[in-house]
Amino acid sequence: MRRASSLAALLGLTLALAGCTAAATPATQTSRATATDAHSSTAGGVPPTSSPRRMPSRSPTHTTAPSRAPTSTSPRTPGSYRVDVFHRGADHPDDLVLDASGALLYSDYTNGTISRLAKDGSATVLHHGLPGPEGMVLLSDGTLVVAEEDANRLVEFRPGQSTPGVLADLPGASVRATCHQGVDGIAWDPASKSLVVPDPVTGTVYRVSTDGASRSVLARGFVHPVGAAVGPDGRVYVADECGGGVWRLGPGGSRVRVAEAVMPDDVAFDAAGNLLVTDVRHTRHDLRRWPRGGGASTVLARSGLIEPQGLLVTPSGTVFVADDQARVILRLTPQR
């Protein structure tokens, strides 16, 4: 820079330099960190979210801590949930499904029943005398398909019928011992209009037609596959309860582990494509969420759970978790 010829010019230069220095100093920004769980998934998991803090153990109704604001890749991931007990009784709620009216149905393995819940949480038994009812799928014609664990088969209740018909028998015999029981969770594949059926006895995942006439193998070699779901990508996801992981199935029976859990039982997806998993292991009984893009898991519910099994996400985003040992069904309502 050339030297100024007058005092006024020198003064002007001094003021200009002072202004440049002030403009180059950034404003201080603060952000609130949120806790995340150190347990992370392997590659291929299901837009990232942060973890709510652990919920109070004595509060019957509570809200998880807020996560960071949604990004453009996960606009519908709930920032938090309000958690409350939707149903508590003397029964043992297990798997869950919505009926045609939007009412919640739940199976009860211990009592051999299937019940419907009213809006106030009260229950009415619809079917009884079943040998270990577990997973359920409601077909478009109103037929309710039920997995019977003790018989290792699928049965169906057609509209207006109280007596089930056998839809499909699965290979092998169920044994009432950990990691040796029969069929548990089942899922609906809307693309192929067929049932996805993990068979824990043989460690095989099948595709079964709605009339039971056709059964084909999707994958083999699991330890004890129980839960299943079809993801937003159209792929089948399977929880291997005694293999400690959730797997995404690929062509030719291939699979990739997308989440690790001690004893994963049921799997589901929320509207943002995040993977939700119940873990029944008594050392870690909780509901966790794995982000669609991969990363650390988030604990969504733990307080009051003993053996969380059934898992359902409604079209509105409400999550229901059934715990057969705690004898409760929790409702997680998104707080946006």
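The values are calculated or read from the model by the stated rules, or taken from the named source; none is laboratory data. Everything quoted here is computed from the prediction, not taken from an experiment. Don't worry about glycine lacking a Cβ; one is built from the backbone with ideal geometry, like all the others, and counts go over all protein chains shown. Note: areas computed on protein heavy atoms with side chains; ligands, DNA, RNA excluded. Shrake-Rupley method; radii C 1.70, N 1.55, O 1.52, S 1.80 Å.
Determine whether PRO159 is outside any strand (DSSP E or B) and within 22 Å of HIS127 (Cα to Cα). Show your work before the answer.
On the way: outside any strand (DSSP E or B): yes; within 22 Å of HIS127 (Cα to Cα): yes.
When the stated conditions are applied, PRO159 passes them.
The single condition among (1) modelled with pLDDT of 95 or more; (2) assigned to a strand (DSSP E or B); (3) open to solvent by 10 Å² or more (accessible area, probe 1.4 Å) that PHE222 does not meet is (2).
Output the residue which, of all residues in the stretch 248-288 that are of a type in the set (Lys, Arg) and open to solvent by 30 Å² or more (accessible area, probe 1.4 Å), is farthest from the chain's Cα centre (by Cα). Spell out the reasoning first.
Our first condition is that a residue be of a type in the set (Lys, Arg); within the stretch 248-288, this holds for 248, 255, 257, 281, 284, 288.
From the residues that got through so far, the ones that are open to solvent by 30 Å² or more (accessible area, probe 1.4 Å) too are 248, 255, 257, 281, 284.
Numbers: ARG248: 14, ARG255: 19, ARG257: 16, ARG281: 16, ARG284: 16 Å.
Per the stated criteria, the residue is ARG255.
May I ask you to list the residues in the stretch 187-212 that are within 16 Å of GLY132 (Cβ to Cβ) and part of a strand (DSSP E or B)? I'd like the intermediate steps shown before the answer.
Step one: of the stretch 187-212, the residues within 16 Å of GLY132 (Cβ to Cβ) are 197-201.
Answer for the stretch 187-212, where residues must be within 16 Å of GLY132 (Cβ to Cβ) and part of a strand (DSSP E or B): VAL197, PRO198, ASP199.
For every residue, the table says whether it meets (1) within 18 Å of HIS92 (Cβ to Cβ); (2) among the charged types (D, E, K, R).
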position	(1), (2)
ALA271	no, no
HIS285	yes, no
ARG289	no, yes
GLY293	no, no
LEU300	no, no
VAL313	no, no
GLY317	no, no
VAL321	yes, no
ALA326	yes, no
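Here the stretch 124-135 is the region considered, the condition is being small (Gly, Ala, Ser) and over 14 Å from VAL97 (Cα atoms), and the residue that is surrounded by the most Cβ atoms within 10 Å (Cβ to Cβ) is GLY132.
So for the stretch 238-256 (the condition being over 19 Å from GLY203 (Cα atoms) and not in a loop (DSSP other than H, G, I, E, B)), does at least one residue qualify? Spell out how you get there, then give the answer.
If we filter the stretch 238-256 for residues that are over 19 Å from GLY203 (Cα atoms), which is where we start, we get none.
There is no residue in the stretch 238-256 that is over 19 Å from GLY203 (Cα atoms) and not in a loop (DSSP other than H, G, I, E, B).
To keep it simple, each residue is scored yes or no on (1) touching a Lys or Arg at 6+ places or on another chain (Cβ under 8 Å); (2) open to solvent by 20 Å² or more (accessible area, probe 1.4 Å); (3) assigned to a loop (DSSP other than H, G, I, E, B).
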| site | (1), (2), (3) |
| --- | --- |
| VAL137 | no, no, no |
| ASP150 | yes, yes, yes |
| LEU167 | yes, no, no |
| THR178 | no, yes, yes |
| GLY185 | no, no, yes |
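Yes/no matrix, rows are residues, columns are (1) open to solvent by less than 40 Å² (accessible area, probe 1.4 Å); (2) touching a strand residue (DSSP E or B) at 6+ places or on another chain (Cβ under 9 Å); (3) of a type in the set (Val, Ile, Thr):
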position	(1), (2), (3)
HIS87	yes, yes, no
ASP99	yes, yes, no
ILE114	yes, yes, yes
ASP120	no, no, no
PHE157	yes, yes, no
ALA173	no, no, no
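What do you reckon, is LEU312 of a type in the set (A, V, I, L, M, F, W, C) and either at positive phi or open to solvent by less than 10 Å² (accessible area, probe 1.4 Å) (or both)? Here the answer is no, as LEU312 does not meet what is asked. When residues in the stretch 289-335 are screened for being within 19 Å of GLU241 (Cβ to Cβ) and in a loop (DSSP other than H, G, I, E, B), 8 of them pass.
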